[in-house]
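Enquirer: Take this structure first; my questions come after.
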Amino acid sequence: MSGKQEIILEFTLKASCFDSAGEASSKVKRVLQQIGVRADIIRRIAISAYEAEMNVIIHSLGGIMRAVIYFDHAELLFEDQGPGIGDVKLAMQEGFSTASDSVRQMGFGAGMGLPNMARCADVFDIQSEVGIGTKIRMIIYY
Amino acid sequence: MKLIEVQNLLDAEVVGGSEWIGREVVTVFGADLMSDVLAFTNESTLLLTGLTNIQVIRTAEMSDLVGIVFVRGKRPGPEVIELASSKKIPLLATKHSLYESCGRLYQQGLKSCPLIGELP
């Protein structure tokens with residue numbers, strides 16, 4: 001990748017808007033492909049982004065996704081409004097989920113999202129406050 | 001094994017992306033849980049699933065899957081086929097069950113993804 005100017009992509013994520021869910025992550029993936037990031041790295045970034053995007057759409061009242069693409073790493077930031085996560089440690093456990101039956105019927109809500117993000121990202125940071133919202137920050141190095 | 005051989009083994013119909021039917025399949029994953037697909041597959045994986053919604057295509061896109069086989073006679077809608085086509089993801093449909101389909105492919109030497117969720 002030539003040039004060291006970062007690329008900033010920002011998206012608004014609407015609650016329960018499942019038809020367009022994944023579009024933001026798809027756009028991030030396309031930009032990473034255009035600048036020539038390695039396919040296995042793109043895959044990790046795309047999966048982390050998509051899991052987090054789905055989480056915001058499934059669980060929150062809406063939020064934003066911001067991807068900052070640097071010459072040697074990508075930073076993904078998610079910030080949503082309410083309801084927040086009461087017990088983050090519990091939510092990080094594989095298999096724990098509060099998703100509804102309709103979400104499970106779509107193939108999500110198996111309690112794999114947060115642990116999968118943590119596994120794909122080199123840096124994973126989650127902060128949540130009940131009634132306020134959740135913030136997730138991930139960094140993946142190329 | 002090439003996707004076209006998978007098509008023959010499963011008596012499947014190509015419902016989208018026939019131009020990519022020559023792709024090589026290395027491993028297979030059978031699931032209706034997209035979260036598990038995202039966690040456990042690798043990039044040369046063929047997905048066998050009974051789910052036909054748009055999230056299956058998004059999951060395949062993010063995970064760089066080789067293609068998707070819809071089992072149990074399920075057929076995706078036109079908007080799902082259209083998105084798959086734009087993402088260059090070939091789609092097959094078989095009347096066989098997930099178990100039967102996996103069995104046929106396993107018998108011909110195709111193996112599962114390692115289940116530990118290790119990254120390449």
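Enquirer: Scan the range A:20-64 for residues that are away from chain B (no Cβ under 11 Å) and touching an Asp or Glu at 6+ places or on another chain (Cβ under 6 Å) and report the count.
Expert: 4
Enquirer: Another one. Where in the range A:32-142 are there strands (runs of 3 or more DSSP E), lying fully within it, with 3 or more residues that are surrounded by fewer than 23 Cβ atoms within 10 Å (Cβ to Cβ) and in contact with a helix residue (DSSP H, G or I) (Cβ under 8 Å, 6 or more places away or on another chain)?
Expert: It comes to A:123-129.
Enquirer: Then there's this: Out of the range A:94-106, which residues are of a type outside the set (A, V, I, L, M, F, W, C) and under 17 Å from the mean Cα position of the chain (by Cα)?
Expert: Matches in the range A:94-106: A:E94, A:S97.
Enquirer: Can you tell me which residues in the range A:17-31 are at pLDDT 95 or above, surrounded by fewer than 24 Cβ atoms within 10 Å (Cβ to Cβ) and not aliphatic (A, V, I, L, M)?
Expert: A:E23, A:S26, A:K27, A:R30
Enquirer: Would it be correct to say that B:A93 is within 14 Å of the chain's Cα centre (by Cα) and farther than 22 Å from A:I45 by Cα?
Expert: yes
Enquirer: For B:A60, are the conditions met, namely being in contact with a helix residue (DSSP H, G or I) (Cβ under 8 Å, 6 or more places away or on another chain) and either among the polar types (S, T, N, Q) or within 25 Å of A:M117 (Cα to Cα) (or both)?
Expert: yes
Enquirer: Kindly indicate the residue of the range A:2-16 that is farther than 15 Å from A:V68 by Cα and hydrophobic (A, V, I, L, M, F, W, C) and also surrounded by the fewest Cβ atoms within 10 Å (Cβ to Cβ) among those meeting that condition.
Expert: A:A15
Enquirer: To continue, here is another question. Only one of (1) among the hydrophobic types (A, V, I, L, M, F, W, C); (2) free of Cβ contacts under 8 Å to residues at least 60 places away in the same chain; (3) in contact with a helix residue (DSSP H, G or I) (Cβ under 8 Å, 6 or more places away or on another chain) is not met by B:I21, so which one is it?
Expert: Looking at each condition in turn, B:I21 falls short on (2).
Enquirer: Mind counting the residues in the range B:33-63 that are facing chain A (nearest Cβ under 7 Å), touching a residue at least 40 places away in the same chain (Cβ under 8 Å) and touching a Ser or Thr at 6+ places or on another chain (Cβ under 9 Å)?
Expert: 1
The values are calculated or read from the model by the stated rules, or taken from the named source; none is laboratory data. Predicted model only: the values in this text are computed from it and were never measured. Counting neighbours? That spans all protein chains shown, and the Cβs are built from the backbone with ideal geometry, glycine included.
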